[in-house]
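Values in this text are rule-based calculations from the coordinates and carry no lab data. If you're wondering where the values come from, they're calculated on a predicted model, not measured in any experiment. Neighbour counts run over all protein chains shown; Cβ positions are idealised from the backbone, glycine included.
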Amino acid sequence: METISLTINGNKISCPEGQSILEAAEAHDIKIPKLCYHHSLKPFGACRLCLVEDEKTGKLYASCVTPAAPDMVIHTHSPQIIKHRRNIVLLMMAEHPESCIVCNKGNRCHLRLIAAELGIGENALYPMPNFAPLEQANPFITRDLSKCILCGKCIRADHELVCAGAIDYNSRGFNSRPVTLHELPLEQSSCTFCGTCVSICPTGALSAKVDFVGTPEKESTSICGFCGVGCSLDLGVAGNKVVDVNPSHLKNSVNDATLCVRGHFAHDFLNSEKRLTHPLIRHEDELVPTTWDDALESAATRILEIKKQHGPDSIGFLGSSKCSNEENYLFQKIARTLIQTNNVDNGGYTSGRLFLDLVDQRTDKAGRFNFFAGPLAGIEQAEVVFVLGAEPAHTAPVFDYYLKRSARKGLPLIVASHRETDLARDAASWIHPHGSSAAAHRTIDTFYLELINLISARLLTGEAVDSSFISRFTSGFEHYKEDLLSLDQEACMTKADLNSETISKAIDLLAGKKITFVVGDGLMLQRYGKEAMEALLNLALMTGSIGYNGAGFHVMSKENNLVGAWDMGTVPETLPGRLMIDSENDRRRWEEIWEAEIPKSRGLDLIQMVKSAEEGRLKALYIMGENPLRSLPQPDFILNSLKSLELIVAQDILCGETVEIADLVLPAAAFSEKAGSFTNMEGKIQCFSAAVPPPGQAKSDLEILGLLAEKLGAPGYKSNNEEIRKEISSTITSFSDAAACKHPIWIREETQTDESLVEEQIRFSPVTSSQDTERGDQYPFIALFGSLRFHLGSGTRTEQSARISDCDVKGEIEVSPTDAEKMSLVDSDRIRIRSAAGEIERDIRVNRTIEAGYIYIPTAFNSNDARNLLRLEPLLENDSSGWNSCPVSIEKAETAAVDK
Amino acid sequence: MKSTEIDWEKLADIIETHTQKKWGLIPLLQKVQERIGYIPPESIEAIAAALGLYPSQVQGVITFYAGFSTEPRGKCVLKVCRGTACHVKGGKSILRVIQKDLDLEEGETSPDYQFTLETAACLGACFLAPAMMVDREYYGKLNPTKVGSVIGEYRKQKGED
């Protein structure tokens, strides 16, 4: 890459070849006004404000689209340029409504800023305002297109960054405006309400619906507390409240200029009336306010009493995949060293933690390479992406943007799913059951396992085998090869109800390439999830899809600190740093730092704790940041179990289902109100600090745990971030970078395999097949569960967001047109769905993306009533039917009384 | 009477011959307009899917060009020129005559879907001023009589169809 030198405003600068004049200027802090330029979008050249004058030729260039040439002499603010800029702005102002005084964009308006800088006063031009009707029916975005200056940023962001394609220019000239297909309101288009257009719009044409008027007092950077992508946010703060959220301006953040509807608009839950503000204690069946001292004293005393009476293992600790690393660390430390129990788990159990564990266990312990693919940006270097059972458009939208952007640039995507997901439409190959009704009875359980087996067998014979990788790093390949060769491929096809043309196409796309796998709940939370995962790991080993940039596994970690809670040991079988409890050496490392003994055997996980409570063996549960009564299946069973405990301490931010039955309630701070770090799905640790103080008397979970430790008899337990990080890094050396709090990367960056460390070899696991199970006719349909982008998890937080609750999407159940016709159902009809575990009622929507015989039920809506249909079965066990689907029957229900 | 039902098979046929070429959008739209008479808004999604574009992008191209119509038009589309030369040669009164004859305002289509009246900024046939275009035929050096006979011919022709 050659360097060119040119002169701008008398300064001699040099820049790499190919850069535009504008980029070169910005790199050297020379400011050029612009309205349509954005560093993440392709240069457009629409506004012409970035005009610069070339001294040698006298020509005017739009600097954003003109490449810098050697020996150019450029002036950015010559009199001629200023004259042109003024005219451009005057023309824009002539078409602009004269509502600056009342416009909510206020001082954030770029047009206003440029006009002010140019010193423009009265406009002598004839005003020709271009009025357009205000669009504000949806609860998220207000569109006042009379203020649109046609910079095109909203359209370009929609097409290039988030790839939703909801809007584009209509007409030309004076009448041209960005509109949706058929000029329908946004909520009737393919708009996902990510709000990227709102943040990028330079004028008040697009604005977020906020209660707040004007510009926030200050902006504070933070990390989003919703999904596992860990987007960087700019929180707009006014009056100690978070009033507005935008993507942060940081370079190299995971999300750059994008966000999703949750990250952008669901943050008003922080100001909900249901926030917990005072410690509460149960007195005669009611929760009454008390002081911090009394509450903590009561908690500590009662816990110690129960420990004395029933032993340490009668107490369980449920930590949070939403709380910070430091908080989870302190939480499990208290449980293990002060209470002496390994009964520690976190809510991540329900969203994929077990699979992270499974993959990690198979990872080479010498740390030579990692099954995990690492940074999301690696997708750009991937050769082919195989998406199984994942719907990132709804669970982790920003990840979806990465996939879609690369797909549009030519990256082959192979999507395997039961219904036609958003991604399936961009896929080069979509693999799905073909809807032969006999197979529908079987294909939920067996689909992924049989599919992966079939593909592995075909790739084996198709010579997609990386022999040098196999011989150097693995063992057991011969056995694996034999098993694959003796696989009955026809049986696989039938069991998974596959189409041979689709499979051949997929094989063609996969052969000879390093594969990037994206694995979601659809595969993980199913009956043969473990076996399917093992089969994928084998496939990765066979094709050598590890250790190359971009290749490997992306396990959809749906929660902001799912990975972090696991890393910090808030799990029953590992200690911080994923060290094993049942290894004496590993235990000793922490015992030395903590100067205490750690119990030797594995503790109870979430499901086991609930069952143990029901059996009367578990007596107390300390819950931090989780709402099991809303998130777990069989809520009646859960309620009984929890009620039979002698003590429930709930440390939480919102008054939810679990808090209401607790004995002690400790109000905690949400992520915007405290400091800490989260580890996102890439394994990257990101630090954040408080933007606003917690409401009322709420404290950060870290502070609460420190005070609790004190009451439990350990006053010296560090409860501030710096000291905790130091303590953690004494054993986990890679965490020491986090102490610098500079967005460090913890992913093992050595993604190239280091051949000199050949020691242990990774074994291929045995090839397994699924068992046929016939279901009775009592439940002829299969219900698939999944999330919609408006909610996260069980919806405890997102339901408290007024904007999310107001939007038109009510979680309608999706029914195929064939079934709807058979049962005489139309949109908005109400149906009753019954499973072996329970029943629910909900309205329907007829959708052709779902096959006959299946229905799709979005979770989190209606207080997450979907969980009533599932059984509380542990995941990863062979006869567990998983939590992603279940057999159901459906019938038309009487229309419910008109209700919200 | 022009049917407002769309012949989906015909549409699928046309799309088939133009798939997988991003730059084939305008020829495809022209073909659709030619064979079906207009571009049905309901066809936008099918066209977009076939070419790998967003539906909103296809709509953008359609609305950009005055030549594309998303509403059914008459079998006969009259385009009266309102360019400089035609104006000077009395194009405005020609337009008025046609409006009266067909009982149509500019942009309207007759209820029996026989005629649509449009104007063009310039037909590029200034030596024939005042001029008009009917479908693809140019008619120049017009006066009220000529206009009347041209329209009459088309009326007869379409009546025989």
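The fraction of Cα-Cα pairs per 5 angstrom bin, counted from 0 for segment B:23-105, comes to 3, 13, 21, 16, 13, 12, 10, 7, 4, 1 percent, rounded to whole percents. Remark: the A:Asp29-A:Glu482 segment gains 156.7 nm on full extension, using 0.36 nm per residue and subtracting the alpha carbon distance. Cross-link pairs exceeding 22 Å between alpha carbons, from the set A:Lys34/A:Lys59; A:Lys530/A:Lys643; A:Lys619/A:Lys674: A:Lys530/A:Lys643; A:Lys619/A:Lys674. If you plug the beta carbon distance of B:Ile26 and A:Glu490 into 1/(1 + (r/R0)^6) with R0 = 41 Å, you get a FRET efficiency near 0.30. Computed packing ranks the peptides A:826-832, A:272-278 as A:272-278, A:826-832, most packed first, by mean other Cβ atoms within 10 Å. Partner chain Cβ atoms within 10 Å, averaged over the residues of B:56-67 - can you pull that number for me? Across B:56-67, the average partner-chain Cβ count within 10 Å equals 6. The modelled label-to-label distance between A:Ser765 and A:Ser644, using points 7 Å beyond Cα along the C-beta direction, is 3.3 nm. Estimated at 0.36 nm per residue, the fully extended path between A:Thr7 and A:Trp292 surpasses their Cα-Cα distance by 96.1 nm. Exceedance of the 23 Å cut-off in Cα-Cα distance is limited, within the set A:Lys307/A:Lys726; A:Lys251/A:Lys684; A:Lys251/A:Lys718; A:Lys600/A:Lys711, to A:Lys307/A:Lys726; A:Lys251/A:Lys718; A:Lys600/A:Lys711. Take each residue of peptide A:155-168, count the partner chain Cβ atoms within 10 Å of its Cβ, and average: the result is 3. Spacing of the modelled spin labels on A:Ser78 and A:Glu584, each 7 Å from Cα toward Cβ, amounts to 8.3 nm. Between B:Asp135 and A:Gln188, the simple label model (points 7 Å from Cα in the Cβ direction) yields a spacing of 3.6 nm.
Taking only the C-alpha atoms of chain A, the Rg (one decimal) and the largest Cα-Cα distance, Dmax (whole number), read 28.8, 91 Å. Using Cα centres only, tell me the gap between segment A:125-145 and segment A:471-493 in whole Å. Result: 62 Å between the Cα centres. For segment A:643-698, the spread of Cα positions along the three principal axes, ordered from largest to smallest, is 40, 29, 15 Å. Take the Kirkwood radius over Cα pairs of segment A:130-283, plug it into Stokes-Einstein at 10 °C and 1.306 mPa s, and you get 95 µm²/s for translational diffusion.
When you count the other C-beta atoms within 10 angstrom of each residue and take the mean per peptide, A:561-570, A:343-352 line up highest first as A:561-570, A:343-352.
Taken residue by residue and averaged, Cβ atoms of other chains lying within 10 Å of the Cβ of B:42-54 number 2. Dividing the summed -39500 (n - 2.57) terms of all DSSP H runs of n ≥ 4 by the residue count of chain B sets its mean residue ellipticity at 222 nm at -13500 deg cm²/dmol.
From the largest down, segment A:452-498 spans 37, 17, 13 angstrom on the principal axes of its Cα atoms. Take the Cα of A:Glu305, go 7 Å toward its beta carbon, and the backbone nitrogen atoms of segment A:596-631 under 15 Å from that spot belong to A:619-621. Here chain B is treated as an ellipsoid with the same Cα gyration tensor; its semi-axes, largest first and in whole Å, are 32, 18, 12.
Once you sort the root eigenvalues of the Cα gyration tensor of segment A:59-183 as a ≥ b ≥ c, which label holds: rounded (a/c under 1.5), prolate (a/b larger than b/c) or oblate (the other case)? Because a/c hits 1.5 or more and a/b fails to exceed b/c, segment A:59-183 counts as oblate.
With a Förster radius of 22 Å applied to the C-beta separation of A:Ser824 and A:Arg425, the computed FRET efficiency comes to 0.15.
Summarising the strand pairing of segment A:780-900, around 65 percent of its internal DSSP beta bridges are antiparallel.
Between helix A:529-543 and chain A there is an angle of about 60 degrees, using the helix long axis and the longest principal axis of the Cα atoms.
Helical runs assigned H by DSSP (4 residues or longer) give chain A a calculated mean residue ellipticity at 222 nm of -8000 deg cm²/dmol, each run adding -39500 (n - 2.57) before division by the residue total.
Relative to the current alpha-carbon distance between A:Ser889 and A:Ala802, full extension at 0.36 nm per residue lengthens the span by 28.0 nm. Summarising the strand pairing of the protein assembly as shown, around 55 percent of its internal DSSP beta bridges are antiparallel. Peptide packing for A:666-672, A:280-286 was compared via the average number of neighbouring C-beta atoms within 10 Å per residue; ordered from the highest value, the list is A:666-672, A:280-286.
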